[in-house]
1. Using a 7 Å offset from the Cα along the Cα-to-Cβ direction at both residue 71 and residue 59, what is the distance between the two label points in nm, to one decimal?
2. How far apart, in nanometres, would the label points at residue 30 and residue 112 be if each is projected 7 angstrom from Cα along the Cα-to-Cβ direction?
3. Just the accessible area per residue of region 63-141, please: how many Å² with a 1.4 Å probe?
4. Between residue 4 and residue 85, take the C-beta separation as r, use R0 = 30 Å, and let me know the FRET efficiency to the nearest 0.05.
5. If you take the charge dipole of region 52-116 about its Cα centre, with +1 on Lys and Arg Cβ and -1 on Asp and Glu Cβ, which of 86, 105, 63 is farthest toward its positive end?
6. Using the Kirkwood formula on the Cα atoms of region 59-141, what hydrodynamic radius do you get, in angstrom to one decimal?
Amino acid sequence: MDMLWKQAAIERLKLYEPKRLSLKSIPQEIRRLELEMQSIRSATSDGSPSKGGGSGREDMYLSNIVRREEQARIWVSLTDSALSLLNDEERLLLDRFFIHPEKQAADRLAGDLHIDVKTVYRRKDDALCRFTVALYGKTEM
């Protein structure tokens, strides 16, 4: 497997959990910003009534966050799809090495899977290759 593809797949697995969790916080951040903008608009000092809608800058901030949320959803969905094509053992290997890394993952997996450490590393590499193919469609340029 080409090292660029392998490194891209590893980086994607390392970012998977933070991106997945961000999908829960983005709607809360959007709501917080909307409330903040409403309170700023309602605190006008000239006595004129506050009207709905935000300034161009406020709208730009919200649009940017919404775009980022959509990109994150697509990114997570594509990663989920690639992971779903792996078997349970392959997902476990990638999870313990990259998504939720554990200290001495190879030794612990060897015990859990009743295989030697060398086999753990070989199967991890095979799982990473299958994940890369599932995600990118190929492993060589």
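The values are calculated or read from the model by the stated rules, or taken from the named source; none is laboratory data. It should be emphasised that the depicted structure is a prediction, and the values quoted were computed from it without experimental measurement. So basically every Cβ, Gly included, is an ideal-geometry build from the backbone, and we count neighbours across all protein chains shown. Surface areas here come from the heavy atoms of the whole protein model, side chains and all, with no ligands, DNA or RNA. Shrake-Rupley method; radii C 1.70, N 1.55, O 1.52, S 1.80 Å.
1. For the pair residue 71/residue 59, the computed spacing is 2.1 nm.
2. Output for this residue pair reads 3.5 nm.
3. Spelled out: the 1.4 Å probe surface of region 63-141, per residue, equals 62 Å².
4. Working: r = 21 Å, r/R0 = 0.71.
For residue 4 and residue 85, the calculated efficiency is 0.90.
5. Of the options given, the answer is 63.
6. Numbers: mean 1/r = 0.0692 Å⁻¹.
Here the Kirkwood hydrodynamic radius works out to 14.4 Å.
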